[in-house]
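Chemist: One structure, as structure tokens, below. Some questions next.
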Amino acid sequence: MALPIITLPSSSISSSSTTLIIASSHSFNSTKIKPIPNLGFSISVTNFKNPLLFYSQRVKRLGRVVAKANLGLTYPAQVDSHKISFTAKDTDLLEWKGDILAIGVTEKDMIKDENSKFENDVLKNLDTQLNGLLSEVSAEEDFSGKVGQSTVVRISGLGAKRVGLVGLGNGPIGSSSGYRSLGESVASLAKASRANNVAVALASSQDLSPELKLTTASAIATGTLLGTYEDNRFKTESKKPSLESVDFLGLGAGPEIEKKLKYSQEVCSGVILGKELVNAPANVLTPEVLAEEAVKIASTYSDVFTATVLDAEQCKELKMGSFLAVAAASANPPKFIHLHYKPPTGLVKSKLALVGKGLTFDCGGYNIKAGAGSLIELMKFDMGGSAAVLGAAKALGQIKPPGVEVHFIVAACENMISGTGMRPGDILTASNGKTIEVNNTDAEGRLTLADALIYACNQGVDKIVDLATLTGACIVALGPSIAGVFTPNDDLAKEVVAASEAAGEKLWRLPMEESYWESMKSGVADMVNTGGRYGGSITAALFLKQFVNENVEWLHIDMAGPVWDDKKKAATGFGVPTLVEWVVANSSS
């Protein structure tokens, strides 16, 4: 069966070709691709009967084996992904056997009567079996069910070895983020006690509708999976997580909830890929390695994906002057990535594009990032948009939503400094012919996105969502936990915000004030790439709008804040769940 991995124009099979071609799974003889220095693959295959196996050996999986382009002799350890089984059961709390019985409680659930006994029936019955131990411990530790509170007691006489109470505050009914936090707390309790199996229940699950029980179990499973995950690829010592199974009690049972729990695991696999991509340093994750990750997704889910990776010469043929100018200073060549999802069966009713900013490192160019607050040491996360796009692709390759076609597009490169780099004052020409005067080389992400958005429109899509760690201004406006949303289309805004709420991620729509475009006008070109000091995230969105066809619905997400968790000093995987929810909502499932 033919492997739909890479496609190239016929003129590219020459000394300037830098893209690996895998045409089929049949044997082939003596194939050579000669590279330009610093521009890509060097391949030589003779009488090799399984090119896919050969390719999987040559293209090294990030975090599983080593990256080809490497500095500092740093190699990520080979890590086997940790699996947790999730099961929904009708078992009574008092009969469940295992390491920890974790119960989510609201402040209302913790109310006691005049005899210091719980009024909540679930807690009252459990406390009776424990001879008042729960009420006694909660009083001693001043546990009132507030968000962030938890307590665990060792018990005997029941099937569970420990009982834990986890605070839900005033009650997160309908809140995916609240139940996701409960899952994270469950993961922490399991880690602290090295528990192998845990049961999760709610003290007031009777207040949930059947639909809410499904979404609640899904959110808790997501929080538990991601709370258990640790990226230890670059640590010399690490412990393997102990948690192996989680049972859900009182939230229903049967194929519907099992399907929902499977969906959560598939989304989480994409989130974890997103985290790994952002966490990987620039000396490991180059544009070429990012492209290899995309090709890996296409080969793993070849029933629904094809992949195209363009090199610098091919981007030049497409007149991507804006993208190529950003890449010009780096010794690591740019790669333009296009993953194409088509459902395995049925008609396509909706065509979507997900475009992610792919700066694997951003030093700022000649407007170099310098001094406290520049965050140059964290600029490996400037490809967070592309990580979200590829993470969503991996999840959707497993979910396989029907009736929707999706294009995943990343213009991957580095923004560095050298004699070949773009300078302030240079004028660039994007692939739609519009000209840009560069007044700040550190406003480079929008330059790469310009050509990526044009390319996306040329795929004949109906809607585009782009994600980018685009502006510090958005962090100033919304803080580290909320991404900004910009779109001229109210219906699309409602769709994506609804998807983010279902996913438990935070978005806030900001205005696209057209009068601010005055600051983006150039005296010598069509536009400059940065405006005045104020409203920087708005003028950035207005810039991107110039490269989207008027008949295409478009929404921009500035995720500069939530891409990174300062407390954990690690990537969040932000954007993946929202993108997956949005695509599924646009499918015919």
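Chemist: If I ask for residues that are within 22 Å of THR286 (Cβ to Cβ), not basic (Lys, Arg) and not in a loop (DSSP other than H, G, I, E, B), which ones from segment 333-353 would you list?
Modeler: If the condition is that a residue be within 22 Å of THR286 (Cβ to Cβ), not basic (Lys, Arg) and not in a loop (DSSP other than H, G, I, E, B), then PHE336, ILE337, HIS338, LEU339 are the ones that fit.
Chemist: List, please: which pairs have Cβ atoms under 6 Å, are six or more places apart or on different chains, and start with a residue in segment 119-142 that is touching a residue at least 24 places away in the same chain (Cβ under 8 Å) and end with one that is acidic (Asp, Glu) and crowded, with 19+ Cβ neighbours inside 10 Å?
Modeler: Pairs that qualify, where the first residue is touching a residue at least 24 places away in the same chain (Cβ under 8 Å) and the partner is acidic (Asp, Glu) and crowded, with 19+ Cβ neighbours inside 10 Å, are ASN120/ASP109; LEU134/ASP127.
Chemist: Please determine whether any residue of segment 463-474 is open to solvent by 50 Å² or more (accessible area, probe 1.4 Å), modelled with pLDDT of 95 or more and part of a loop (DSSP other than H, G, I, E, B).
Modeler: no
Chemist: Right, another one. Can you tell me which residue in segment 405-421 is farthest from ILE297 (Cα to Cα), limited to those that are surrounded by fewer than 24 Cβ atoms within 10 Å (Cβ to Cβ) and among the hydrophobic types (A, V, I, L, M, F, W, C)?
Modeler: Going through the qualifying residues, I end up with ILE417.
Chemist: Need pairs with beta-carbon distance below 6 Å; first residue in contact (Cβ under 8 Å) with a residue 24 or more places away in the chain and within segment 70-81, second loosely packed, with under 13 Cβ neighbours inside 10 Å; sequence gap 6+ or separate chains.
Modeler: Once the first residue is in contact (Cβ under 8 Å) with a residue 24 or more places away in the chain and sits in segment 70-81, no partner that is loosely packed, with under 13 Cβ neighbours inside 10 Å comes close enough.
Chemist: I would also like to ask the following. Go through the residues of segment 229-238 one by one and say whether even a single one is open to solvent by less than 40 Å² (accessible area, probe 1.4 Å) and more than 24 Å from the chain's Cα centre (by Cα).
Modeler: For segment 229-238, residues open to solvent by less than 40 Å² (accessible area, probe 1.4 Å) and more than 24 Å from the chain's Cα centre (by Cα): absent.
Chemist: Looking for whichever is surrounded by 18 or more Cβ atoms within 10 Å (Cβ to Cβ), hydrophobic (A, V, I, L, M, F, W, C) and farther than 18 Å from ASP466 by Cβ here; the options are VAL528, VAL496, VAL524. Which one fits?
Modeler: VAL528 is the lone residue from the list that is surrounded by 18 or more Cβ atoms within 10 Å (Cβ to Cβ), hydrophobic (A, V, I, L, M, F, W, C) and farther than 18 Å from ASP466 by Cβ.
Chemist: Right, here's the next one. Filter segment 310-332 down to the residues that are closer than 21 Å to GLU292 by Cβ and assigned to a loop (DSSP other than H, G, I, E, B) and list them by number.
Modeler: Those that are closer than 21 Å to GLU292 by Cβ and assigned to a loop (DSSP other than H, G, I, E, B): ASP311, MET320, SER330, ALA331, ASN332.
Chemist: Please specify each residue of segment 475-493 satisfying the condition of being of a type outside the set (A, V, I, L, M) and either open to solvent by less than 40 Å² (accessible area, probe 1.4 Å) or over 15 Å from PHE547 (Cβ atoms) (or both).
Modeler: Those that are of a type outside the set (A, V, I, L, M) and either open to solvent by less than 40 Å² (accessible area, probe 1.4 Å) or over 15 Å from PHE547 (Cβ atoms) (or both): GLY479, PRO480, SER481, GLY484, PHE486, THR487, ASN489, ASP490, ASP491.
Chemist: Take the residues in segment 194-219 that are hydrophobic (A, V, I, L, M, F, W, C) and under 19 Å from ASP121 (Cα atoms); name whichever of them is surrounded by the fewest Cβ atoms within 10 Å (Cβ to Cβ).
Modeler: LEU208
Chemist: Considering each residue of segment 475-502, count those that are touching a residue at least 12 places away in the same chain (Cβ under 8 Å), farther than 12 Å from LEU555 by Cβ and either part of a loop (DSSP other than H, G, I, E, B) or over 19 Å from the mean Cα position of the chain (by Cα) (or both), and give that number.
Modeler: Looking only at that region, the number is 6.
Chemist: Hand me the list of helices (runs of 4 or more DSSP H) wholly inside segment 27-145 holding 1 or more residues that are open to solvent by 80 Å² or more (accessible area, probe 1.4 Å), under 30 Å from ALA195 (Cα atoms) and modelled with pLDDT of 50 or more.
Modeler: The qualifying helices (runs of 4 or more DSSP H) are 121-129, 133-140.
Chemist: Criterion first (free of Cβ contacts under 8 Å to residues at least 12 places away in the same chain, open to solvent by 80 Å² or more (accessible area, probe 1.4 Å) and either under 25 Å from ASP451 (Cβ atoms) or of a type outside the set (Lys, Arg) (or both)) does TYR516 satisfy it?
Modeler: No.
The values are calculated or read from the model by the stated rules, or taken from the named source; none is laboratory data. Predicted, not measured: the structure shown is a model, and the values here were computed from it. Note that each Cβ is placed from the backbone with ideal geometry, even for glycine, and that neighbours are counted across all protein chains shown. With ligands, DNA and RNA removed, areas are computed over all heavy atoms of the protein, side chains included. Shrake-Rupley method; radii C 1.70, N 1.55, O 1.52, S 1.80 Å.
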